[in-house]
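Okay, structure first, notes after.
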Amino acid sequence: MKKHKLLMIMLLCLLMMGCSNEFAQREYDSDQKIAQTADRYAESNSTLNKDKDGFSFAASEFDGRETLWKDTVKEKQDITMEISFSVSGGKAKVVHIDEDGNVTTILECTSETVADGVVTKEVSLSEGKNRLKIVGYDCRDIDLEVSLSGNEE
C-alpha cells in the first residue's frame, strides 16, 4: 500500500513538472539564456509571417523564447521599428541580441501595460549577426506586428 501511494505521488509530481512553464519564468530575465542561439518555447496556435519589411507573430499561448528575425550586417547601422504589441495575459518582451550576445529590451508588454497603437523604436544593429526574439511566460493571445525601415539587406 505504501509503495502504491509513493508511486502515485511521484507520478503526480512528474505530471505537474511536465506541464509547467517554470523554465520560461526563470529564464525571462536571464540575458545569458536569451542570448543563446537555440530557442526554447512552448506555444499553441501560433503563426509567424515574415517579409522584407518586417514580421508578425500571433499565438494563443506562449512560454519561452523564439527568434523572429535575424540579419547579418557588414557595418553598424540604425533601423526604425514600428511595433504593435499586445497580450491578454502573462508577460512578454521583444529583445535585440547583437553579435556579442548583448541583450537589449525593445518593448515589454503585459495585459495591464498594452502598448497604445504603434510604438516607434530606434535600434542600432552592430556589425555581424543581429537577432530579434520574443521572450515571455504565461502569455495568452499574443499579437505582435513589427515594421522595419532603414535596414539595408
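Looking across segment 32-48, just one residue is under 15 Å from Leu132 (Cα atoms), open to solvent by 60 Å² or more (accessible area, probe 1.4 Å) and of a type in the set (Val, Ile, Thr), and that is Thr37.
From the list Val114, Val73, the one residue that fits, being at pLDDT below 95, open to solvent by less than 20 Å² (accessible area, probe 1.4 Å) and not acidic (Asp, Glu), is Val73. Here Ser86 fits the description: over 16 Å from Asp63 (Cβ atoms), modelled with pLDDT under 95 and surrounded by 13 or more Cβ atoms within 10 Å (Cβ to Cβ). The requirement of being of a type in the set (Asp, Glu) and within 19 Å of Leu48 (Cα to Cα) is fulfilled nowhere in segment 109-131; no residue meets it.
Residue check: is Ser56 modelled with pLDDT under 95, open to solvent by 30 Å² or more (accessible area, probe 1.4 Å) and of a type outside the set (D, E, K, R)?
Values: modelled with pLDDT under 95: no; open to solvent by 30 Å² or more (accessible area, probe 1.4 Å): yes; of a type outside the set (D, E, K, R): yes.
It is false that Ser56 is modelled with pLDDT under 95, open to solvent by 30 Å² or more (accessible area, probe 1.4 Å) and of a type outside the set (D, E, K, R).
Taking the numbered list (1) over 12 Å from the mean Cα position of the chain (by Cα); (2) modelled with pLDDT of 95 or more in turn, Ala92 passes all entries but (1).
Do we have Ala24 as aliphatic (A, V, I, L, M), assigned to a strand (DSSP E or B) and either surrounded by 16 or more Cβ atoms within 10 Å (Cβ to Cβ) or at pLDDT below 95 (or both) here? Steps first, answer last, please.
On the way: aliphatic (A, V, I, L, M): yes; assigned to a strand (DSSP E or B): no; either surrounded by 16 or more Cβ atoms within 10 Å (Cβ to Cβ) or at pLDDT below 95 (or both): yes.
Answer is no for this residue.
Here Thr120 meets each of (1) hydroxyl-bearing (Ser, Thr, Tyr); (2) more than 17 Å from the chain's Cα centre (by Cα); (3) surrounded by 15 or more Cβ atoms within 10 Å (Cβ to Cβ) with one exception, condition (3). Every condition in (1) surrounded by 20 or more Cβ atoms within 10 Å (Cβ to Cβ); (2) modelled with pLDDT of 95 or more; (3) under 12 Å from the mean Cα position of the chain (by Cα) holds for Asn130 except the one numbered (3).
Given the criteria buried (at least 16 other Cβ atoms within 10 Å of the Cβ), among the acidic types (Asp, Glu) and either closer than 24 Å to Ala38 by Cα or touching a Phe, Trp or Tyr at 6+ places or on another chain (Cβ under 9 Å) (or both), does Asp98 qualify?
On the way: buried (at least 16 other Cβ atoms within 10 Å of the Cβ): yes; among the acidic types (Asp, Glu): yes; either closer than 24 Å to Ala38 by Cα or touching a Phe, Trp or Tyr at 6+ places or on another chain (Cβ under 9 Å) (or both): yes.
So Asp98 passes the test.
The values are calculated or read from the model by the stated rules, or taken from the named source; none is laboratory data. On a predicted model such as this, the values are computed, not experimentally measured, just so you know. Here Cβ is always computed from backbone atoms with ideal geometry, including for glycine, and neighbour counts include all displayed protein chains. Surface accessibility is based on the protein's heavy atoms, side chains included, excluding ligands, DNA and RNA. Shrake-Rupley method; radii C 1.70, N 1.55, O 1.52, S 1.80 Å.
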